[in-house]
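The values are calculated or read from the model by the stated rules, or taken from the named source; none is laboratory data. Remember, predicted model here, so these are calculated numbers, not experimental data. With ideal geometry, Cβ positions are generated from the backbone for all residues, glycine too; neighbour counts draw on all protein chains shown.
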Amino acid sequence: MPTRLTPTTNGTSLLDALAFIRDDLAAVDDEIFRRMDSPVRLIAEVAQHTLAAGGKRLRPALAILAARAVGAVTPRVITFAAVTELTHTATLIHDDIIDHAEFRRGRPAAPALWGSHISVLVGDYFFSQVFQAMSEDGLTRFMPAFSRATATLCQGEIEEIELRSKWDATETEYLQVIQHKTAELMRAAAELGALAGGGSAEQGAALGVYGLNIGMAFQLVDDVLDVTASQQQLGKPAGHDLLEGAVTLPVIRTLAVSPSADRERVMHRLTASSANGAQHEAVAEMLSLVHRHDGVAYTRGVAEQYVAAARAALTGLPRNEPTAILASVCDFVLARQA
């Protein structure tokens, strides 16, 4: 049996907040590993390696906190929380295949160790376990909503690929992509977690709005970290997403406000770099522009707006410790350094 996941952050705020649901998260771990404990050696090995990398485990935490805020944590809440993490992990495996990633969270990525063929099948196995779990008693009524969220996530992944190296992308286009590929799964985690715990439809909807806005802010802070954080913080070099052709909000904003000469020069270099091997030089120039203009500050400001909307969504919920912890997650999302 694989060792248990441990939530990892560079600070203590999230760990402190999640201490309230430590036992619930331990039960989620047990459920995840029970479902991934395959008799097929390669499946078990890849699953153990991928899951043991840890992570913030924000999605299952949202499901559990939402259930506790408006109801109770039942076995079906634990199963659903595990489902959200398995879904997220499956997409990470597939992302690493698409991106030819060598590392994930500072560890060798699964495709780098086992190759794309094995990794994509293990990612598919994760998804098969997700839908097996969702078809069990107590969760079947949530299957349509969760299936829609998963389909939207996959749509967002494809939209993100379509946006790669599209240096004239608009802010609206980009925000739609991150809503689909990141925020909708967080919406589902919070909303369906609340309903599985016995909350009302109105409470579920409010927590869904919270989850959606937290997801948007989370991804925007990720974008900021890609252009500001060190390799030690992220487990990958600054500008890695840019190197892969990712068009994010700091870049979109910077290109929108840069003098035309700077904009045209860097766009030309970024477009031409894939052909002449000068990607690192082009990315370095783009990072320099981001820091000279307000790409970082602007993106943080947009993230703060989403966090404010998340806080507002909590106002009609019961005033209890789980709701207070959900509010503290807002602080973590804005303050995190990795």
Can you tell me which condition residue 241 does not meet? The list is (1) at pLDDT 95 or above; (2) within 18 Å of the chain's Cα centre (by Cα), and all the others hold.
(1)
Kindly list, by first and then second residue, each pair from a residue in region 27-53 that is part of a loop (DSSP other than H, G, I, E, B) to a residue that is of a type in the set (Lys, Arg), limited to pairs with Cβ atoms under 9 Å and residues at least 6 apart or on different chains.
52/4; 52/107; 53/104; 53/105; 53/107
What are the residues in region 90-104 that are surrounded by fewer than 17 Cβ atoms within 10 Å (Cβ to Cβ) and either in contact with a Pro (Cβ under 8 Å, 6 or more places away or on another chain) or in a loop (DSSP other than H, G, I, E, B) (or both), if any?
100, 102
In region 219-236, residue modelled with the highest pLDDT [restricted to those that are of a type outside the set (A, V, I, L, M) and farther than 14 Å from residue 99 by Cβ]
219
Which listed residue, of 189, 169, 201, is under 22 Å from residue 215 (Cα atoms) and without any contact (Cβ under 8 Å) to a residue 12 or more places away in the chain:
201
Within region 17-28, work out how many residues are farther than 21 Å from residue 336 by Cα and touching a helix residue (DSSP H, G or I) at 6+ places or on another chain (Cβ under 8 Å).
3
Kindly list, by first and then second residue, each pair from a residue in region 110-133 that is farther than 16 Å from residue 87 by Cβ and part of a helix (DSSP H, G or I) to a residue that is acidic (Asp, Glu) and modelled with pLDDT of 95 or more, limited to pairs with Cβ atoms under 7 Å and residues at least 6 apart or on different chains.
none
So, in region 157-173, of the ones that are assigned to a helix (DSSP H, G or I) and β-branched (Val, Ile, Thr), which residue ends up surrounded by the fewest Cβ atoms within 10 Å (Cβ to Cβ)?
172
Starting from region 313-338, take each residue that is buried (at least 19 other Cβ atoms within 10 Å of the Cβ) and list its partners that are of a type outside the set (S, T, N, Q) and not in a helix (DSSP H, G or I), counting only C-beta distances under 7 angstrom and pairs at least six apart or across chains.
323/314; 323/317; 326/314; 336/11
Taking region 65-89 and keeping only residues that are in a loop (DSSP other than H, G, I, E, B) and under 21 Å from residue 132 (Cβ atoms), one is left with 74
Condition (residue is surrounded by fewer than 17 Cβ atoms within 10 Å (Cβ to Cβ), among the charged types (D, E, K, R) and either at pLDDT 95 or above or in contact with a His (Cβ under 9 Å, 6 or more places away or on another chain) (or both)) applied to region 283-303: is it met by at least one residue?
no
Can you work out which of the residues in region 49-62 that are surrounded by 16 or more Cβ atoms within 10 Å (Cβ to Cβ) and not aliphatic (A, V, I, L, M) is farthest from residue 189 (Cα to Cα)?
49
Scan 18, 5 and give me the residue that is within 21 Å of the chain's Cα centre (by Cα), in a loop (DSSP other than H, G, I, E, B), closer than 30 Å to residue 318 by Cβ and modelled with pLDDT under 85.
5
